[in-house]
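Just so you know, all these numbers are worked out from the coordinates, no wet-lab data involved. Fair warning: this is a prediction, and the values are worked out from it, not measured in the lab. FYI the Cβ positions are ideal-geometry reconstructions off the backbone, even for glycines, and counts take in every protein chain you see.
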Amino acid sequence: MKTIPYSRQHIDEDDINAVTEVLRSDFLTQGAAIPSFEDALKTYCQSEHAIAVSSGTAGLHLLCLALNISKGDRVWTSPISFVASSNCALYVGATVDFVDINTNTGNICLHALKAKLELAQKTNTLPKLLIVVHFSGLSCEMDRIAELTAPYNITIIEDAAHALGATYQNKPVGSCVYSQASLLSFHPVKSITTGEGGAITTSDHAFAEKLRLLRSHGITRDPLHFKNHAHGAWYYEMLDLGFHYRLTDIQAALGTSQLQKLDNFIAKRREIAQRYTTLLQDLPLILPTYNHESAWHLYAIQLKAPLDKTRKEVFDFLRHENIGVNVHYIPIHLQPYYQGLGFKEGNFPQAEHFYNRVLSLPIYPDLTLEQQDHIVAKLWHILKC
Ligand SMILES: *Cc1c(COP(=O)(O)O)cnc(C)c1O
């Protein structure tokens, strides 16, 4: 039997046609497919701008650059995330620290944030940037986070890699109501895919311009931005030290096609989540509270403690049954590289507690009821016997 993955893409004929159309066209990159994908994204997200980039990670790096984060600056994020959420700060020489999580949601804990801010003010170690992570596709409590950080003049970025298609207070995640910008990822396990790819949404015009410049070597071809007189029609200027983080037109066309199906994808994910919540409620598990605003990138259950079956046993059993469970995430501060920076086990106890119990069950648009029933039956088998 083929393994049921924890997530996977849905690709149909429309997607394939959109890609082959670009392949037959004049421009495989730097053509019209990029701005049309960006337009579709900004419309969907209700933001003023969308800037497509080669990956979510590249987008996080660009965000740190565009915010002028550098050596001596502090950046805070969640320890329960993919390493890219904090690595971006290290890329620009900044110092990383983490805010412990709320184990009910996997998102940063507001009490921990408040206490850490108060302490940081006393010790003169306030961060310049806070990167919040919408774990599993459920938005953080952005209004409260904005309120808590406002007195300290801290920029907020949303790592919304899990959360395209989610809403917060009935507005799309990515609309940046409470943040400077949001970061999306289009890796195949995420809400929509472009193979690899990502995007930044923002409603700050100058900031968007800066991101576009940095995405493409720091080079401009716009005479309005030239420092010197143009030498001729070939002329361009490099104004800043940028990178090559562009998406291709092949990918952008796929993205535009995928975006048309996003609401259906999310509807399917929500159905699956709701059904897990019903079918698993009598097992010794802490289930994620069903929330209709979440994009349900992950369905992350936690094994109740104390247990006769450890998480490893349950994981190994399900993997043996060809069920592609996963663990999101190994706390970033426990990674050897971060331990090398001075982080220690015990630094973020809620994150570590969560990590020891959490398990991601398969959830994606094409997961069938039969497959879900099979997963549920195996969970009952291992947890009830
Ligand atoms: C996937 C992911 C990223 C990085 O996205 P890539 O497109 O793979 O570079 C960043 N943050 C989180 C939380 C993610 O899940």
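Ordering Gln281, Ser54, Thr43 by the projection of their Cα atoms onto the charge dipole of the chain, which places +1 on the Cβ of Lys and Arg and -1 on the Cβ of Asp and Glu, puts Gln281 at the extreme positive end. A helix-only calculation puts the chain at -11500 deg cm²/dmol for mean residue ellipticity at 222 nm, using -39500 (n - 2.57) for each DSSP H run of at least four residues, averaged over all residues.
Residue-normalised convex hull volume from the C-alpha trace of segment 227-385: 215 Å³ per residue. Shape analysis of segment 1-101 based on the Cα gyration tensor places the equivalent ellipsoid semi-axes at 32, 21, 13 Å, largest first. Take every pair of alpha-carbon atoms less than 8 Å apart whose residues are at least six positions apart; their mean separation over the length of the chain yields a relative contact order of 23 percent. In terms of distances greater than 30 angstrom between alpha carbons, the cross-link table entries Lys268/Lys378; Lys128/Lys210; Lys261/Lys304 yield Lys261/Lys304. Residues Thr103, Thr368, ranked from the fewest to the most other C-beta atoms within 10 Å, line up as Thr368, Thr103.
Candidates Phe317, Phe354, Tyr337 compared by Cα position along the dipole of segment 230-385: farthest toward the positive end lies Phe317, with charges placed on Cβ.
Charging the Cβ of each Asp and Glu at -1 and of each Lys and Arg at +1, and nothing else, the dipole of segment 225-323 about its Cα centre rounds to 120 debye.
Restricting attention to segment 292-385, which GluC sites (Glu not before Pro) occupy a DSSP loop and are surrounded by at most 11 other Cβ atoms within 10 Å? Loop-located and lightly packed - Glu345.
Helix 56-66 versus the longest principal axis of the chain: what angle, 0 to 90°, nearest 10, using Cα atoms? That helix lies at roughly 50 degrees to the long axis. With the biggest extent put first, the Cα atoms of the chain measure 78, 58, 37 Å across the principal axes.
Amide H to amide H distances under 5 Å link Tyr168 with Val173, where only residues 5 or more positions off or on other chains count and H is placed in the peptide plane.
Can you classify segment 114-250 as rounded, prolate or oblate using the Cα gyration tensor, where a ≥ b ≥ c are the square roots of its eigenvalues, rounded means a/c under 1.5, and otherwise it's prolate if a/b beats b/c and oblate if not? It comes out oblate by the Cα gyration axes.
A DSSP coil position with no more than 11 other Cβ atoms inside 10 Å describes the following trypsin sites (Lys or Arg not before Pro) in segment 298-385: Lys344. In the chain, the longest principal axis of the Cα atoms and the axis of helix 33-45 are about 50 degrees apart. In this structure, the residue pairs whose Cα-Cα separation is over 26 Å, taken from Lys312/Lys384; Lys71/Lys116; Lys42/Lys114, are Lys42/Lys114.
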